[in-house]
1. If I take all pairs of Cα atoms in region 42-201, what percentage of them are more than 19 Å from each other?
2. Out of the total accessible area of the chain (probe 1.4 Å, heavy atoms of protein only), what percent is carbon and sulfur?
3. On a full-extension model of 0.36 nm per residue, what is the gain between SER267 and GLU190, subtracting their alpha-carbon distance, rounded to one decimal in nm?
4. At what distance in angstrom do the alpha carbon centres of region 169-232 and region 93-125 lie from each other?
5. Write down the accessible area per residue of region 21-91 in Å², having rolled a 1.4 Å probe over the full set of protein chains.
6. Taking the Cα centre of the chain as origin and charging only Cβ (+1 Lys, Arg; -1 Asp, Glu), how large is the dipole, in debye to the nearest 20?
7. How far apart, in nanometres, would the label points at ASP152 and ILE240 be if each is projected 7 angstrom from Cα along the Cα-to-Cβ direction?
8. Rounded to the nearest 5, what % of the DSSP beta bridges within the chain are antiparallel ones?
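The values are calculated or read from the model by the stated rules, or taken from the named source; none is laboratory data. Bear in mind that the values here come from a model prediction, so they are computed numbers and not experimental data. Glycine gets a Cβ as well: all are built from the backbone with ideal geometry, and neighbour counts include every protein chain shown. The area values use the complete protein model at the heavy-atom level, side chains included, leaving out ligands, DNA and RNA. Shrake-Rupley method; radii C 1.70, N 1.55, O 1.52, S 1.80 Å.
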Amino acid sequence: MILDKLKQLFGAEVEYQEIVVDPLLYEKLAQANHIVALTGAGISAESGISTFRGEEGLWKKFKPQELANLKAFMNNPSRVSDWYRHRRDIIDNVKPNPGHNALVKMESEFKHVTVITQNVDGLHQRAGSTNVIELHGNIYRNYCINCGKRYDFDQLPKKKGIPICEECGGYIRPDVVWFGESLPPAAFNEAERSAASADVMFSIGTSAAVYPAAGLPRTAKAHNAYLVEINPEHTDISLIADDTVREPSGVALPNILHQYQEWKNSSEN
Ligand code: BV8
Ligand code: ZN
């Protein structure tokens, strides 16, 4: 039974569904040296983490300029710290979904797979992806804004309010990139290099509204990558994509990988 096979490969929650893609994708995958996946909040939605711009999105309840930037933090450090503590508590109680698991499986199916993520939830690494570029940081890492001392999440006091540095008494902030802040240069340069050397790029669960991350699919296209968007909704990327899959990534990715293996087996016979 296909579903049993899918459940073994991608996790008990996976659903079996025929995903309509241009079969050219299978040929591109078969010839590919480097597969790149750019992911956004949408890939974690099926794990129970709300997106930013979706119906129940974070930005519906909170204003990014009021929470995800340095000025907001300096104006009200405990409010911002409590918001990140709240998001960490949610992430703690969820697990990667079949979309994350499919990207892990791709590592054993293809020569070179890179995941470039805008997500700060660490779910790709928790699923087992070994080559993840975190463009916007990680919510479990923290550092003192004064002396730079680094703190892992479990070193921080559990109580509400602003965590204080034991070295210098400075404020401790999450190691995420806030609006108006530059991305970690090493991560962004590696992401640009990966996009430029991609044979196939999947743009997964991102509204492509935040820069410079949203420019990476264009970089890939400019270097002749075959670009597939996986997103139930239309985005700016839909305009330049070679193919679009209007399905949740937790359904699309496992089934596309399974269909590719079926295609490969049939073409080898
Ligand atoms: C910077 C970490 C240099 C913190 C985040 C060029 C043009 C215009 C503006 C700018 C520009 N360059 C720079 C800017 C300014 C700004 C920017 O882009 N503003 C936007 C809003 C216009 N960029 C910056 O400030 C960046 N820094 O540029 O530094 C500089 C400095 C000073 C001045 C100029 C330049 C820093 C940006 C990083 C900010 N930090 N996160 C935290 O998480 O708290 S951004 C955060 O929001 C996420 O990381 C992510 O990047 C973004 C959310 O986007 P998505 O992940 O795509 O999520 P979204 O909810 O929008 O969409 C989800 C999608 O999934 C939807 O399409 C939905 O349909 C789909 N979906 C839903 N369910 C599923 C699904 N898909 C598949 N399966 C499902 N089941
Ligand atoms: Zn300090």
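1. On the way: 7510 of 12720 pairs.
The answer is 59 percent, as a whole percent.
2. On the way: 6390 of 12460 Å².
Here it works out to 51 percent.
3. Values: separation 77, 0.36 × 77 = 27.72 nm, distance 3.47 nm.
Once the chain is fully extended between SER267 and GLU190, it gains 24.2 nm.
4. Taking the Cα centre of each part, region 169-232 and region 93-125 sit 15 Å apart.
5. 46
6. Numbers: 28 positive and 34 negative charges, 224 e Å.
That gives the chain a dipole magnitude of about 1080 debye.
7. 3.9
8. Details: 9 of 31 bridges.
So the antiparallel bridges in the chain amount to around 30 percent.
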